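Structure record follows, encoded as C-alpha cells.
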Amino acid sequence: MTDRNPAASRTTTAPTPETELEALRAELDRVDRALLDDIRDRMALCAHVARLKQRHDIAVLQPGRMQLVHRRAQDYAQRHGLSGAFVQQLYTLLIDEACRVEDRIVAGDGGGAAGSESGESRR
C-alpha cells in the first residue's frame, strides 16, 4: 500500500529572511503613504479653518483647542502603548505647522499647505 497522504508529499518552504523583510518594508511603505496622505488632508482642513477664521475675524491661536488636541493624543498614546513623549512631539509639530499655515492664510499670503486648496483628497 502506498502513502496517499497529500500533505506528506508537499514540501513547504519557509520564506527567506530577505523575502520576509521585503514584504514588511512594502507594508511600511504603504503605511507611510497613508500617513502622509492623512497629514496632507489634515493640513487642507487647517487651511479651511484658517479661511473661516479670516472671514469672521477669529483669532488663529486657540489655546483651549490646542490643549484638547494634545490631551486626546496623549490619551490615545496611553491606550495604545505609544510613547507619550513621542506623541507630544509629533502633535507639537503638527500644530506648529497648522498655525504657520493659518497665519499665512489669515495674513493673505495664501497659506502654503500642500494639496488642494479646495480640500479635495487626491486618493
Subtracting the Cα-Cα distance from 0.36 nm times the residue separation, let me have the gained length for D38 to A14 in nm, one decimal. 5.1 nm
Segment R55-Q89, extension gain: residue separation times 0.36 nm, minus the distance between their alpha carbons: 9.1 nm
In terms of the charge dipole of region 15-106, which places +1 on Lys and Arg and -1 on Asp and Glu at the beta carbon, the residue among Y91, G81, A59 farthest towards the positive end is A59
Determine, for D41, D57, the number of other Cβ atoms within 10 Å of each Cβ, and report the residues in order from fewest to most. D57, D41
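Rule-based calculations on the coordinates, nothing more; no lab input. Please read all numbers here as calculations on a predicted model, not as lab measurements. Don't worry about glycine lacking a Cβ; one is built from the backbone with ideal geometry, like all the others, and counts go over all protein chains shown.
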